[in-house]
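J.: Structure in structure tokens, see below.
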Amino acid sequence: MSAPHSLIRECPCHSTRRFAGISLDVFYDDVLARAGDRYSGIPLEIFTGRFYDALLARRDLLPDRLAQVAARMAEHDWLALYREFDRG
């Protein structure tokens, strides 16, 4: 979770509205998906694979709707799709 980081707290949009925080989170997801290899020694494909494995291993702990979404998320590798998002 990125919210506790001091740079996030200093962002003017962080506490203004609910959707501002969501938008900021999506922005950082995009940045990390596109340039994460600059900050981590783990390729995105390996990181997301490990994340999906851990998430699906705990599906029984998730609410039903989230468990269904998690399966589709892993199947289609939603996290890696941020790299290919059309900025039109």
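The values are calculated or read from the model by the stated rules, or taken from the named source; none is laboratory data. Here the structure is a predicted model, which is why all the values come from computation and not from measurement. Using ideal geometry, Cβ is built from the backbone for each residue, glycine included, and neighbour counts are taken over all protein chains shown.
J.: Please verify whether the stretch 59-66 includes one or more residues that are under 15 Å from the mean Cα position of the chain (by Cα) and closer than 20 Å to GLU84 by Cα.
T.: no
J.: I would also like to ask the following. Hey, among the residues in the stretch 41-88 that are of a type in the set (Gly, Ala, Ser) and surrounded by 12 or more Cβ atoms within 10 Å (Cβ to Cβ), which one's modelled with the lowest pLDDT?
T.: Filtering the stretch 41-88 for residues that are of a type in the set (Gly, Ala, Ser) and surrounded by 12 or more Cβ atoms within 10 Å (Cβ to Cβ), the one modelled with the lowest pLDDT comes out as ALA80.
J.: Within the set of pairs 6+ apart or on separate chains, which have a first residue in the stretch 60-78 that is within 20 Å of ALA33 (Cβ to Cβ), a second that is modelled with pLDDT under 90 and surrounded by 15 or more Cβ atoms within 10 Å (Cβ to Cβ), and C-beta atoms under 7 Å apart?
T.: What qualifies is ASP77/THR48.
J.: Going through the stretch 30-45 one residue at a time, which ones are of a type in the set (A, V, I, L, M), under 14 Å from the mean Cα position of the chain (by Cα) and over 13 Å from TRP78 (Cβ atoms)?
T.: VAL31, LEU32, ALA35
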